[in-house]
Amino acid sequence: MTPTKLQGWFAGRLPDDWFTESPEITVDREEILVVGRLAEPATKGLDDEAVRAARLSRIDGFREETRARRMRIADQAEAKYGRKVAWGARCGEHEKIFTTVSVPVMTRLRMPERRVLDTLVDSGVARSRSDALAWCVRLVREHEGAWIEQLRDALVHVEEVRRQGPSAA
């Protein structure tokens, strides 16, 4: 499954009036995430707090009103692509992800790494080692996001070169 083919599949399934532009579709080994931009609500003359409330309400309304149709599309995509489908929406600078898969990841850590996680738990920063590890990953994403994006771009190029190379048959 190529990102372009996946984008096309969802473009063919999603109603034209849901989003103001093509949704952003992100895929990994377990999940497909579809996030679309919603039309701005009429907020002329409202203060910042009211604009924020209107945008968040627009997202919540979209979630409620499209639930049945989104679930049907998700079922079709899961059958076709073998991955769960998560949904989200943006309105202005606000974004909400409605459903997402929380995938357990097994890792082997030596004592120094476990001590870091335990310190985060003992200090109340995280509820569990799992929570602490997720916190650490978010921190890396936040502070090293540009570098991570460069790695992702490089991996796309590597996959393209692999596809063009001799087959392993």
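Bridgeable lysines around Lys44 (alpha carbons under 27 Å apart, same-chain partners fewer than 8 residues away excluded): Lys96. Under the simplified labelling scheme, the Glu49-Arg108 pair shows an inter-label distance of 5.5 nm, with each label point 7 Å from Cα along Cα→Cβ. Note on Asp122 and Thr26: their simple-model spin labels are 3.4 nm apart, each label 7 Å out from Cα toward Cβ. Once the convex hull of all Cα atoms in segment 67-129 is built, its volume per residue stands at 146 Å³. Recomputing semi-axes √(5λ) of the Cα gyration tensor in Å from the coordinates shown identifies the correct label among (1) 25, 21, 19; (2) 24, 18, 15; (3) 31, 27, 16 as (3). For segment 70-169, the set of trypsin sites (Lys or Arg not before Pro) satisfying both a DSSP loop assignment and a count of at most 16 other C-beta atoms within 10 Å is given as Arg108, Arg110, Arg127.
Here is how the number arises for the chain: DSSP H runs of 4 or more residues each give -39500 (n - 2.57), the sum is divided by the residue count, and the result at 222 nm is -18500 deg cm²/dmol.
Segment 10-46 and segment 81-125 have Cα centres spaced 22 Å apart.
Positive-end ranking of Phe10, Thr26, Ala42 along the dipole of segment 1-102, with charges on Cβ about the Cα centre, is headed by Phe10.
Normalised by 2.2 N^0.38 Å, with N the number of residues, the alpha-carbon radius of gyration of segment 118-169 equals 1.81.
All of the numbers you see were taken from the coordinates with simple rules; none came from a lab. Worth saying up front: this structure is predicted, and the values here are computed from it rather than measured. Cβ coordinates were reconstructed from backbone atoms using ideal geometry, including for glycine residues, and neighbour counts include every protein chain displayed.
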